[in-house]
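First up is the structure itself, then whatever we jot down about it.
Since every read-out is calculated from the coordinates, none of them should be taken as a lab result. What you see is a predicted model; the values in this text were computed from it and never measured. No Cβ is skipped: glycine too gets one built from the backbone with ideal geometry, and neighbour counts run over all protein chains shown.
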């Protein structure tokens with residue numbers, strides 16, 4: 001029997017959370033200035049949805065990954081684009097463009113699909129950006145890659161290369177199409193979520209990756225092998241073929257809440273214990289709560305979601321919020337926007 005779990009986080013973790021919250025508040029206060037009232041007035045819509053600001057459709061026409069760091073909101077495009085991470089203000093304004101690089105050259109990314117902010121691997125400390133080059137619609141890639149790089153300091157936020165380490169991985173049962181990634185706050189574990197074909201009838205697989213392996217990210221090292229830990233039942237109404245199409249994920253820093261985005265909606269799932277993603281196989285042990293539908297968000301092809309964790313407080317948006325955004329879609333007149341969704 002496991003010993004009773006303490007209701008309070010360890011002091012070291014609590015210290016990290018307090019420092020991160022302070023950095024985010026200072027960041028947003030500096031970037032948002034007097035624009036908070038205008039953004040907050042947009043939060044009165046149904047379901048607690050606020051439009052924070054328009055996104056540059058020319059720069060981010062296929063926005064597929066979104067994460068909230070200590071110095072910026074980070075985003076990237078889908079396959080076919082340069083391996084670039086866009087630093088944005090909480091209102092969606094561009095701050096810098098950083099290119100994932102290795103040995104002085106851009107990395108050879110195939111299909112970037114999601115982005116996470118988590119701990120750095122190997123007990124290095126600090127915060128890292130994790131870019132998931134895991135898309136595989138044809139299910140033909142023997143291995144895929146997570147690119148990990150320390151998040152730049154606020155004073156270093158400028159256009160240029162971002163040196164990144166490659167962590168290669170494979171799935172035990174062969175290639176799979178994945179578009180969603182979550183990383184824990186210590187950089188010790190990552191989780192990947194299968195995106196099934198439209199109308200599929202089986203549950204989607206969820207894999208866990210142990211990032212503490214000694215050779216993780218080492219040049220020339222063999223791929224890490226992800227371990228299946230759960231089968232995720234469809235989210236949403238029966239008969240909705242979009243319910244299997246998981247396109248984004250984010251794990252709350254406390255490890256007890258998980259955001260999952262599908263083409264139909266944004267959900268938050270409650271976990272019975274920190275990092276207990278194995279419970280996703282049981283809907284009763286990991287109940288899902290609908291935060292907003294894609295129609296409410298006006299996001300025709302939503303593929304990005306992230307916890308905002310207090311970064312929106314200077315905008316007048318108090319409490320827990322998540323950010324979402326959509327690809328441009330087939331309608332060029334549809335301007336993509338950065339949305340905040342209440343998550344409490």
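Panel order for 134, 71, by other beta carbons found within 10 Å of each beta carbon, from fewest to most: 71, 134. If the chain linking residue 82 and residue 213 were pulled fully straight, counting 0.36 nm for each residue of separation and taking away their Cα-Cα distance, it would gain 44.2 nm. Here the ratio of the Cα radius of gyration of segment 13-342 to 2.2 N^0.38 Å is 0.91. For segment 140-281, what class follows from the C-alpha gyration tensor (a ≥ b ≥ c being the square roots of its eigenvalues): rounded when a/c is under 1.5, otherwise prolate if a/b is larger than b/c, else oblate? Note, shape of segment 140-281 comes out prolate. The value of relative contact order for segment 13-342, using C-alpha pairs under 8 Å at least six residues apart, is 18 percent. In terms of other Cβ atoms within 10 Å, 66, 284 run from fewest to most in the order 284, 66. Here the relative contact order of segment 129-280, from alpha carbon pairs under 8 Å that lie six or more residues apart, stands at 19 percent.
Please label the shape of segment 59-134 as rounded, prolate or oblate, based on the square roots a ≥ b ≥ c of the eigenvalues of the alpha-carbon gyration tensor (a/c under 1.5 means rounded; beyond that, a/b larger than b/c means prolate, else oblate). Oblate is the answer for segment 59-134, as a/c is 1.5 or above yet b/c matches or exceeds a/b. With just the Cα atoms defining each centre, how far is segment 86-127 from segment 278-340? Give it in Å. Taking the Cα centre of segment 278-340 as reference, the centre of segment 86-127 is 20 Å away.
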